[in-house]
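Values quoted throughout were computed directly from the atomic coordinates according to the rules given, and no laboratory measurement underlies them. Computed from a prediction, not measured in an experiment: that's the story for all the values here. Neighbour counts run over all protein chains shown; Cβ positions are idealised from the backbone, glycine included.
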């Protein structure tokens, strides 16, 4: 009865609670703990916390119910089977970028760079991929370029100015890390520290895992990365491209 009374008071306007506002929840907790004076004279004791859980649960359920009622009224004339694919792709691409950024890195040092392109940049990339393949006589740049042109976004993940880990392991081709000197290559710059390449691979894996969880079709493409670097679409020494698509059947297979 006591918590029910407070909930009704809160509903009537003492404090507006938003379901997506962490600050409002914190303010609610502070107001309630200050308002409820127990014999112990202490704020935030276990009984207060129990009441808080009950109160916030009731308030959130009440607020969600109101939002649903309002949403049904506003959406009654809409086709609920429709959805905004382009906005969804932006959300997924951003989450993929987050996954790449938070992926573990050797010794905790991050040299991975991430960028996502849309619209005209995708068309430019696709056209340049086709042109590059023809100019250099390299296979499948036209095939991959066609895939890119039909994609909604392309996520670019690469390495920039990656320092050696300092293990002197020889995996890059040099026995001593200090002897490794990166230089401009025909498509990428190298050699790169093997552990930094692992970092980049793990970041790419984390990103495409996220796309997979969201059911967005994707494919890791060397060709898209090589041409994106050449065009200056991303400042990176070594880069891969990941086009994203939403169709009834993945455009990246049975090509």
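Some points to look at:
- Counted over region 144-193 with a bin width of 5 Å, the fraction of Cα pairs per bin, in whole percents, is 5, 16, 21, 15, 12, 10, 8, 8, 4.
- Put in line by how crowded their Cβ is, counting other Cβ atoms within 10 Å and starting with the fewest, 116, 123 read 123, 116.
- The relative contact order of region 89-235, computed from alpha carbon pairs under 8 Å that lie at least 6 residues apart in sequence, is 34 percent.
- Peptides 170-182, 136-148, 152-164, 197-209 ranked from most to least packed give 152-164, 197-209, 136-148, 170-182, packing being the mean of other C-beta atoms within 10 angstrom over each peptide's residues.
- Computed over region 169-255, the percent of Cα pairs more than 23 Å apart is 36.
- Taking a point 7 Å out from the Cα of residue 247 in the direction of its Cβ, the residues of region 115-145 whose backbone N falls within less than 15 Å of it are 143-145.
- Ellipsoid semi-axes for region 207-255, based on the Cα gyration tensor and the rule √(5λ), read 23, 12, 8 Å when sorted largest first.
- Global geometry of region 108-164, whether rounded, prolate or oblate, following the gyration tensor of its Cα atoms and the 1.5 cut on a/c: oblate
- Footprinting exposure proxy for 129, 221, 231 (fewest neighbouring C-beta atoms within 10 Å first): 231, 221, 129
- Based on C-alpha pairs under 8 angstrom that are at least 6 apart in sequence, region 191-255 has a relative contact order of 30 percent.
- Three-way shape label, region 102-240, alpha-carbon gyration tensor, a/c 1.5: oblate
- Fewest-first ranking of 196, 255, using other Cβ atoms within 10 Å as the exposure measure: 255, 196
- Euclidean distance of C-alpha centroids, region 107-165 and region 191-236, integer Å: 8 Å
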